[in-house]
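Here the structure comes first, spelled out in structure tokens, and everything after it is commentary.
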Amino acid sequence: MAVENMCGSPVGQAERSYIPSSLDRDQAAFTGDTQSRWYVIEARYRHEKRVVQQLSQKGVETFFPQRKEVHRWSDREKLVAIPLFAGYVFVRTGNSRTAHLHILQTTGVIGFVGSQGEGTPVPPEQVEHLRKLLEQQVPCSLHAFLQVGRRVRVRGGCLDGVEGILAESAQKSLVISIDCIQRSLLVQLEGYELELV
């Protein structure tokens, strides 16, 4: 079946850190804010993994989407994980000034993405759709940022529930966008059923 074949293709991965429950309680006490949301932070170029590691040690939940590419040299080739959105890391934290300062004081962090440097919350469904794409290793590629178009939802298969904009092309494709960083991914949808949102 086409859906199963697409889900088995090893082309993407996501690096994530989860807060153990004890650290979660500690951080809530530290920030005074139990309402956590997803934000995007900008990190120094090629310092994203180091930033993720440091934030994980601080008890901050992170999501660092990556994709795999084959790099070829004259004598060998290697599968290399590269950032899906270079320079950006997703973090889940409270919206208090203290919680943000806790992250901003991390080496390699430039700032929060959003208005006046305070960060714009990312809709949780955008993070979950991106995470599902990478966990299921569905083939995808970068696409010009797309915000307007016919919104559809995937029905069934490993992408069930994922929403995006139907791409105007000969092949059935879905564009999934992360609005605050104005980046989009294109996913081929042959074998999937779609419904209008």
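The values are calculated or read from the model by the stated rules, or taken from the named source; none is laboratory data. Note that the structure is predicted; figures quoted are calculated from it, not measured. Here the Cβ is made from the backbone with ideal geometry for all residues, glycine too, and neighbour counts use every protein chain on show.
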Of all residues in segment 100-144, count the ones that are part of a loop (DSSP other than H, G, I, E, B) and among the charged types (D, E, K, R). 1
Here is a check on your reading of the model: is Ser177 among the hydroxyl-bearing types (Ser, Thr, Tyr), crowded, with 17+ Cβ neighbours inside 10 Å, outside any loop (DSSP other than H, G, I, E, B) and within 15 Å of the chain's Cα centre (by Cα)? yes
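One line per residue, one yes/no per condition, for (1) in contact with a Phe, Trp or Tyr (Cβ under 7 Å, 6 or more places away or on another chain); (2) aliphatic (A, V, I, L, M); (3) surrounded by fewer than 16 Cβ atoms within 10 Å (Cβ to Cβ):
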site: Ala144; (1), (2), (3): no, yes, yes
site: Gly149; (1), (2), (3): no, no, yes
site: Cys158; (1), (2), (3): no, no, no
site: Gly164; (1), (2), (3): no, no, no
Is it the case that Val60 is touching a Cys at 6+ places or on another chain (Cβ under 7 Å), within 18 Å of Val122 (Cα to Cα) and modelled with pLDDT of 95 or more? no
Tally the residues that are modelled with pLDDT of 90 or more, polar (S, T, N, Q) and surrounded by fewer than 14 Cβ atoms within 10 Å (Cβ to Cβ), restricting the search to segment 63-99. 1
